[in-house]
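Below you'll find the structure I mean.
The values are calculated or read from the model by the stated rules, or taken from the named source; none is laboratory data. Not measured: the values here are computed from a predicted model. Ideal geometry is used to build each Cβ from the backbone, glycine not excepted, and the neighbour counts take in all protein chains shown.
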């Protein structure tokens with residue numbers, strides 16, 4: 001998946017009402033995609049993202065696309081994620097953890113249509 005699609009997934013997982021008063025700004029560098037840069041964050045319960053923007057964000061993530069996919073999908077807990085060698089956080093780690101706690105984890109295999 002591309003960083004753009006993974007950010008879309010994070011936007012789907014973001015619990016808007018729970019994160020209405022939460023703000024964060026993150027600068028993301030995806031190293032195995034030519035150091036592709038993204039700035040993303042949350043304000044008023046909504047995720048925003050921009051490509052090729054350098055910011056002075058208080059949180060930085062330097063990651064492979066595979067590790068960022070783990071973050072976006074929530075397939076591992078936060079401590080397992082930051083233990084990976086290909087996911088480095090600079091700046092306010094506690095703030096990124098708080099952001100991750102505002103992301104819903106969906107149950108896999110739920111029934112869409114019931115008889």
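Would you mind finding the one in 78, 106, 99, 71 that is exposed (fewer than 14 other Cβ atoms within 10 Å of the Cβ) and either within 13 Å of the chain's Cα centre (by Cα) or under 15 Å from residue 11 (Cα atoms) (or both)?
Numbers: 78 fails: exposed (fewer than 14 other Cβ atoms within 10 Å of the Cβ); 99 fails: exposed (fewer than 14 other Cβ atoms within 10 Å of the Cβ); 71 fails: exposed (fewer than 14 other Cβ atoms within 10 Å of the Cβ).
When all the criteria are applied, what remains is 106.
Does the range 85-92 contain at least one residue that is touching a strand residue (DSSP E or B) at 6+ places or on another chain (Cβ under 9 Å) and farther than 22 Å from residue 4 by Cα? Spell out how you get there, then give the answer.
In the first step, residues of the range 85-92 are kept if they are touching a strand residue (DSSP E or B) at 6+ places or on another chain (Cβ under 9 Å); the result is 86-92.
Within this subset, residues satisfying the condition of being farther than 22 Å from residue 4 by Cα are 91-92.
Yes, the conditions are met somewhere in the range 85-92.
Then there's this: Out of (1) closer than 20 Å to residue 92 by Cα; (2) in contact with a strand residue (DSSP E or B) (Cβ under 8 Å, 6 or more places away or on another chain), the odd one out for residue 65 is which?
All conditions pass for residue 65, except number (1).
So, in the range 34-56, how many residues would count as being modelled with pLDDT under 95 and surrounded by 12 or more Cβ atoms within 10 Å (Cβ to Cβ)?
Residues meeting the conditions: 2.
Provide a single number: the residues in the range 13-32 that are surrounded by fewer than 14 Cβ atoms within 10 Å (Cβ to Cβ) and touching a helix residue (DSSP H, G or I) at 6+ places or on another chain (Cβ under 7 Å).
The number of residues fulfilling the criteria is 1.
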